[in-house]
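Report on the following structure.
The values are calculated or read from the model by the stated rules, or taken from the named source; none is laboratory data. As the structure is a computational prediction, the values presented were derived from the model and not from experiment. Glycine also receives a Cβ, built like all others from the backbone with ideal geometry; neighbour counts cover every protein chain displayed.
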Ligand code: PHE
Ligand code: ZN
């Protein structure tokens, strides 16, 4: 379908379905190329729908074999069918049973939507609109049905057969070599939560007793032989279940909870009821193959999918515009879980880093959209950082504004009201409005208005009156479809810090008992009294709102916060702000005064001396400069990535040199001893040591090369091995070449490790990388049809390698464009995601901008683009 012809779906056009489906019986006979599906649907007209409407079921690339109404096979005149719809003009006006038989080809399904095969196993992916690739259906999230699934397969090919809900029955089929299993899910659910799996799989299991004493069998299924790599995920699942009981009082509601890891998956994982399906990179881990970050991601995603059981499944979404209702809330919940399990400030900093790198970027690009979009052409393109991450920030702000207790009460009421329903953002907010008696209509603007608000703060100290005033103004820049913006309700968690860290007893009426000022006008001021000396304001503590802040404070005062603030987030933020100022000036002007760099290095050295050993994970974050992409975003226009790369290298070199004694000392002191453990404290020590290595190598590549190769040899875990290889990739020479070759050979049979190897090489900021990437596409481990491989090599090149993707000669853009077009023929979702790397094109300097535009136009001109790619390319060019 051409871009222009894809219809626009609008929130305002929502109306209830004309028919309901109360029960679904699916009979699936698995076959590699000719899978037969018989769907028996117990249907009735919807009292809330139109009474004269035809029955129109959704389909997608389906092959209809037969259709029967109340047991009577319909003749060709009684219905109209195409691969993408099935219409019965004269549907009954009372309850009826519709029986539909379709045939599908899972082996040919390269889109990885619907029923497909991964490493020979059968699996499904139905969110958002994949169920219609299995059978004709009212494939929309407000149709809730009770499902019974019978799966039949060759016993050799698929000894394991899994479905949603609880296992009911299983057995052999005579001596045909085939067997079957029946699963029943008593909880009504939308079709996007349907799943089935059939294959040869290994299993790890554990039993779990819920808070009310029910026994649940937890199991994770993986490629046979890799069972022990699922132990960490299984343990993370138990911790997640315990946490949801303790923190939200939410209990699991089936007898079994199954997770299956597959190696071909478009996203991270999927929360199908009782049968989560995961991208294997978010399940499998061993010290030899996974980094500390991998372990943290596994923990977070296992939790995320589990938490969806309540926020997403028990309460689901009325329509896809409400996606943030489940995703934003569930991200918030998994973030809270990780914060409780690990270090809260360290985790908060990590969250904010991703939010800024992905969501702020998206919000300043042509793809900017509200957390609740009001229109879309292709829903798959709205599983975005804005819906997920900004969606989570909104929930967090709500909690900040109303307080912990009321937040919990609101959540309780939300579940009480909405359990078993397909709900809206309004239903969610109403629960909190009701328990607090607050009017949340202004706050609701966060869901509607796109773009990142900019807050400017000016400070004024009156020594004689001992008062301190802060003047706030806010502006949200225009975004696609929203030229004019209203002020937002912005919670500012704040405090004052004295220059020597001694406590201040200042007070301010406009700040509530939780230390929060609600800034909800275009401009506002607050005044503190009893301020006995000039303070430094610590604003947006814990990053209390997803806004960009500019402050009229000199670097020296910000560095007071690094030293003395009680809020760890703002200590980190202060160092980042100073670093960013230096980096932006260095990039734009090519230089900054030595004293400024020296002042920053000195503050960092002092910080390292005082704090590094006490909180290594935090220290590592403070010592890591903003990324090249962060700097580009800060500069925002006429960006020259080469200048940014030079600036960042220069500042790293200067800091590394200024702090080298200390860095060496810590590097030596934090040498790994004893067996590997992925816990946060151990991971923090490794991250500090590797941050030291990075700075030392920046200051002295020869010494750095020696240190990194020694570490590569001595490493007992993937974190340290990968960190040293990463440092080596930036130092050209035979040592590097040998290390890369050695690593590639050693992990030849470990696709998830080869992904890391692809990523490191794709990120090398030198001209030869383009050829290197093209060559790696010929590597036996690479496959254009595997999303993990493509993202590791191509996605990393486009998103992590600022200088080479944005080459001045446009070759980086052309390479990506050609790969997007190739990928689009197999897997449109994957292609569309890669294409979003172009979202920064308008901020580049003119010659790069021209090259990027040309590459985008070359894509737009191609006939037969998928709807996914067509939508992204046309919005990118608008
Ligand atoms: N709903 C999944 C999650 O956030 C993400 C997903 C979306 C997976 C669409 C597959 C397809 O947990
Ligand atoms: Zn989710």
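Of the residues making up region 255-272, those that are within 29 Å of residue 106 (Cα to Cα) and away from ligand 2 (no atom under 14 Å from the Cβ) are 256, 257, 258, 259, 260, 261, 262, 263, 264. When residue 288 is tested against the conditions (1) over 20 Å from the mean Cα position of the chain (by Cα); (2) within 16 Å of ligand 1 (Cβ to nearest atom), the lone failure is (2). The listed residues are 213, 202, and the only one of them that is more than 15 Å from ligand 1 (Cβ to nearest atom) and closer than 28 Å to residue 830 by Cβ turns out to be 202.
Scoring residue 101 on the criteria (1) more than 17 Å from residue 26 (Cβ to Cβ); (2) surrounded by fewer than 20 Cβ atoms within 10 Å (Cβ to Cβ) leaves a single failure, condition (1).
Only residues that are under 26 Å from the mean Cα position of the chain (by Cα), closer than 23 Å to residue 551 by Cα and assigned to a strand (DSSP E or B): list them for region 456-499, please. Those that are under 26 Å from the mean Cα position of the chain (by Cα), closer than 23 Å to residue 551 by Cα and assigned to a strand (DSSP E or B): 490, 491, 492, 493. Can you find a residue that is away from ligand 1 (no atom under 12 Å from the Cβ) and either out of contact with any strand residue (DSSP E or B) (no Cβ under 8 Å at 6 or more places or on another chain) or at pLDDT 95 or above (or both) anywhere in region 302-309? Scanning region 302-309, I find no residue that is away from ligand 1 (no atom under 12 Å from the Cβ) and either out of contact with any strand residue (DSSP E or B) (no Cβ under 8 Å at 6 or more places or on another chain) or at pLDDT 95 or above (or both), so the answer is no.
Among the conditions (1) in contact with a strand residue (DSSP E or B) (Cβ under 7 Å, 6 or more places away or on another chain); (2) within 11 Å of ligand 1 (Cβ to nearest atom), the only one that residue 318 does not satisfy is (2). Screening the candidates 369, 347 for the property of being more than 16 Å from ligand 1 (Cβ to nearest atom) and assigned to a helix (DSSP H, G or I) yields one hit, 347. Report the residue count in region 68-82 for those that are in a loop (DSSP other than H, G, I, E, B) and either surrounded by fewer than 14 Cβ atoms within 10 Å (Cβ to Cβ) or touching a helix residue (DSSP H, G or I) at 6+ places or on another chain (Cβ under 8 Å) (or both). Number satisfying all stated conditions: 3. Taking residue 737, is it part of a loop (DSSP other than H, G, I, E, B), surrounded by fewer than 19 Cβ atoms within 10 Å (Cβ to Cβ) and modelled with pLDDT of 95 or more? Answer is no for this residue. For region 330-354, a residue qualifies if it is more than 16 Å from ligand 2 (Cβ to nearest atom) and closer than 21 Å to residue 372 by Cα, and exactly one does: 352. All told, residue 313 meets the bar of being farther than 16 Å from residue 246 by Cβ, within 13 Å of ligand 2 (Cβ to nearest atom) and part of a loop (DSSP other than H, G, I, E, B). If you go through region 318-329 and keep only what is in contact (Cβ under 8 Å) with a residue 24 or more places away in the chain and either within 11 Å of ligand 2 (Cβ to nearest atom) or part of a helix (DSSP H, G or I) (or both), you end up with 320, 321, 322, 323, 324, 325, 327, 328, 329.
Here is a yes/no grid of residues against (1) under 37 Å from the mean Cα position of the chain (by Cα); (2) within 30 Å of residue 865 (Cα to Cα); (3) without any contact (Cβ under 8 Å) to a residue 60 or more places away in the chain:
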position: 61; (1), (2), (3): yes, yes, no
position: 69; (1), (2), (3): no, no, yes
position: 74; (1), (2), (3): no, no, yes
position: 80; (1), (2), (3): no, yes, yes
position: 110; (1), (2), (3): yes, yes, no
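Yes/no per residue for (1) surrounded by 22 or more Cβ atoms within 10 Å (Cβ to Cβ); (2) touching a residue at least 40 places away in the same chain (Cβ under 8 Å); (3) farther than 24 Å from residue 702 by Cβ:
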| residue | (1), (2), (3) |
| --- | --- |
| 606 | no, yes, yes |
| 614 | no, no, yes |
| 619 | yes, yes, yes |
| 648 | yes, yes, no |
| 671 | no, no, no |
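Within region 588-595, identify whether any single residue is in a helix (DSSP H, G or I) and surrounded by 21 or more Cβ atoms within 10 Å (Cβ to Cβ), and answer yes or no. Checked region 588-595: no residue is in a helix (DSSP H, G or I) and surrounded by 21 or more Cβ atoms within 10 Å (Cβ to Cβ). The residue that is surrounded by the most Cβ atoms within 10 Å (Cβ to Cβ), counting only those in region 380-409 that are within 12 Å of ligand 1 (Cβ to nearest atom) and outside any helix (DSSP H, G or I), is 384.
Among the residues in region 87-109, are any at pLDDT 95 or above, within 16 Å of ligand 1 (Cβ to nearest atom) and touching a helix residue (DSSP H, G or I) at 6+ places or on another chain (Cβ under 9 Å)? Yes: region 87-109 contains one or more residues that are at pLDDT 95 or above, within 16 Å of ligand 1 (Cβ to nearest atom) and touching a helix residue (DSSP H, G or I) at 6+ places or on another chain (Cβ under 9 Å).
Just one of 268, 312, 249 is closer than 30 Å to residue 425 by Cα, surrounded by fewer than 18 Cβ atoms within 10 Å (Cβ to Cβ) and either within 16 Å of ligand 1 (Cβ to nearest atom) or within 16 Å of the chain's Cα centre (by Cα) (or both); which is it? Answer to the check: 268. If you check residue 328 against the conditions, is it on the phi > 0 side of the Ramachandran plot, in contact with a helix residue (DSSP H, G or I) (Cβ under 8 Å, 6 or more places away or on another chain) and at pLDDT 95 or above? Spelling it out, it is not the case that residue 328 is on the phi > 0 side of the Ramachandran plot, in contact with a helix residue (DSSP H, G or I) (Cβ under 8 Å, 6 or more places away or on another chain) and at pLDDT 95 or above. Here residue 231 fits the description: surrounded by fewer than 17 Cβ atoms within 10 Å (Cβ to Cβ), away from ligand 1 (no atom under 16 Å from the Cβ) and closer than 30 Å to residue 723 by Cβ.
The test for being under 30 Å from residue 754 (Cβ atoms) and either assigned to a loop (DSSP other than H, G, I, E, B) or out of contact with any helix residue (DSSP H, G or I) (no Cβ under 9 Å at 6 or more places or on another chain) (or both) holds for residue 289. I want to confirm something. Restricting to region 118-134 and keeping residues that are under 23 Å from the mean Cα position of the chain (by Cα) and assigned to a loop (DSSP other than H, G, I, E, B), which single residue is nearest to ligand 1 (Cβ to nearest atom)? Residue satisfying both the conditions and the ranking: 127.
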